[in-house]
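Accompanying notes for the structure given below.
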Amino acid sequence: MDFGLSDEQKQIREEVRRFAENEIEPVAKEYDVEEKYPHEIMDKAAEMGLLGAHIPLDYGGAGYSNLESAIITEELFAVDPGIGLCITSAAFGADAIMEFGTDDQKERFLTPVAEGEAIMGAAISEPDTGSDVSSVSTSAEKDGDEWVINGNKMWITNGSVGDYYVVLCQTDPDADGRYNGFSQIVVESDRDGFESEKITGKLGIRASDTAELILDDVRVPEDNLIGTRGMGFLQQMQFFDETRTAVAAQGVGIAKGASEAALDYAQEREQFDRPISEFQAIQHKLAEMHTQTEAARNLTYKAAWNVDQGEDITKLASMAKEFASQVAVDVADEAVQIHGGAGYVNDFPVERFYRDAKITQIYEGTTEIQKNIIARELLGKGF
Ligand SMILES: Cc1cc2nc3c(=O)[nH]c(=O)nc-3n(C[C@H](O)[C@H](O)[C@H](O)COP(=O)(O)OP(=O)(O)OC[C@H]3O[C@@H](n4cnc5c(N)ncnc54)[C@H](O)[C@@H]3O)c2cc1C
């Protein structure tokens, strides 16, 4: 299936898949079991231009489109979602700087990530703030020419390995309107008062770093504020079309990896003197898994392509995320079933796909929130 991809896009797909098979596959189990961040692989990914793949060429990035980023994400996640997330999230939060940042901010924060010298993150969620982003309570108060930031951020990807974070703060608590009064501010991890605590024991994506950030009177220069003061929430909402499409691509990758592994295994494993692929029950599972994966890919590519055309695709992005994440969970489940007992231990990648798939239904807005958005758009209700 090439969805009308250009020769260059097909080549990106092949190169990334080769990189993932050569560099990631042999060590994926080790990083998962040990819950360790793959610094060595990140260096190699940087050489391939995979960190900050969508950062513009002017700032040292590869300048890939959303469709190309989706292809890269799909191939990495088809081999290992945990390490795939480390690579694709190294520039998490960069969109805000790309869209609203000054030239100085772009040079300071985007170029080091694109060159593999820094890792960043986006810090929105808090212990008491998840689906309802408008209840963010981390505060940033102006003191002279600095912002003084206090609060806790929860579940932050790259939280204990990152160099800086785009932090959603409340800067104007008395502002009119529920969604005004928030601003996005870059906070460097080497500032006094910044601490992070790594969260271990995750169900899946265990190579990916997740942490709580503790911000205690952290002072940053006033020019770390991104865009217009008070518009941070609305700026943030603007990127969900891109980030939700990216999570949809993660789901497609997991479904692809799991369905390919199941197809291989079904032809190797023999019971009742024949490969299990000769049983119609298994054939139907394989047919359904590959059909679902293809459908999720088409919806995801359509969303990514539309983001690239500058379309406002709130409903389509939520549909792609909701559908592809469900497909990832369902296909990984069937892949384990086709492996029987062998699928229940970590000698085969399907055990990892099964655990890793679940996160795609949780982060960047849960499945329930995506359905709320789709229904709201269908009914013509504003948020
Ligand atoms: C591994 C991992 C990495 C993450 N990385 C980041 C990151 O880098 N940056 C960041 O800011 N956050 C990150 N998150 C946080 C993630 O975005 C939140 O967990 C997610 O938005 C859900 O919020 P919550 O966990 O507080 O759940 P809650 O909002 O408490 O939801 C609990 C349940 O209630 C449901 N629910 C809530 N509201 C409604 C409603 N209105 N209608 C119907 N159902 C509803 C939810 O769907 C869910 O089923 C990460 C989380 C994980 C687990």
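Read-outs: derived from the displayed coordinates by stated rules, not from any lab. Quantities reported herein were computed from a predicted structural model and do not represent experimental measurements. Please note: Cβ atoms are built from the backbone with ideal geometry, for glycine as well, and neighbour counts cover all protein chains shown.
Data overview
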quantity: Above-threshold pairs, the threshold being 25 Å between Cα atoms, out of Lys153/Lys202; Lys36/Lys106; Lys256/Lys381; Lys36/Lys321; Lys10/Lys44; calculated: Lys36/Lys106; Lys256/Lys381; Lys36/Lys321
quantity: Within the chain: Cβ-based charge dipole about Cα centre, in debye rounded to nearest 20 (Lys, Arg +1; Asp, Glu -1); calculated: 1260 debye
quantity: Excluding exposed DSSP-loop GluC sites (Glu not before Pro) (at most 13 other C-beta within 10 Å), longest clean stretch of the chain; calculated: 118-310
quantity: Cβ-Cβ FRET estimate between Phe279 and Lys36, R0 fixed at 41 Å, reported to 0.05; calculated: 0.55
quantity: Using a Förster distance of 22 Å, the FRET efficiency for Glu25-Gln271 (Cβ separation, nearest 0.05); calculated: 0.20
quantity: Sorted by Cβ density within 10 Å, fewest first, the residues Ser277, Ser139, Ser131; calculated: Ser131, Ser139, Ser277
quantity: Given the chain, longest segment not containing exposed loop trypsin sites (Lys or Arg not before Pro) (DSSP; at most 11 other Cβ within 10 Å); calculated: 179-380
quantity: Relative contact order %, the chain, counting alpha carbon pairs below 8 Å whose residues are six or more apart; calculated: 16 percent
quantity: Hz values of 3J(HN,Hα) by residue in the stretch 192-209 - Karplus curve (6.51, -1.76, 1.60), Gly and Pro given as x; calculated: 4, x, 9, 9, 9, 10, 5, 9, 10, x, 5, 4, x, 5, 7, 6, 5, 7
quantity: Exposure proxy order (Cβ contacts within 10 Å, fewest to most) of His39, His339, His54, His290; calculated: His39, His290, His54, His339
quantity: Extension gain, Ala375 back to Met48 (0.36 nm per residue minus Cα-Cα distance, nm); calculated: 113.7 nm
quantity: Estimated [θ] at 222 nm from DSSP helical runs (n ≥ 4, -39500 (n - 2.57)) normalised by residues in the chain, nearest 500; calculated: -15000 deg cm²/dmol
quantity: Among Gly204, Gly121, Gly341: highest mean-square fluctuation, GNM of the chain, C-alpha pairs under 10 Å; calculated: Gly341
quantity: Label zone at Asn150 (point 7 Å along Cα-to-Cβ), backbone N below 17 Å, the stretch 206-222; calculated: 214-220
quantity: Estimated FRET transfer efficiency (Lys142, Glu99; beta-carbon r; R0 35 Å; 0.05); calculated: 0.90
quantity: From phi via Karplus (6.51, -1.76, 1.60), per-residue ³J(HN,Hα) for the stretch 351-360 in Hz, x at Gly/Pro; calculated: 4, 5, 4, 4, 6, 5, 4, 4, 4, 5
quantity: Candidates per chymotrypsin sites (Phe, Trp or Tyr not before Pro) in the stretch 270-352, loop by DSSP, up to 15 other Cβ within 10 Å; calculated: Phe272, Phe279
quantity: Separation in nanometres of the label points that stand 7 Å from Cα toward Cβ, at Asp333 and Glu195; calculated: 4.1 nm
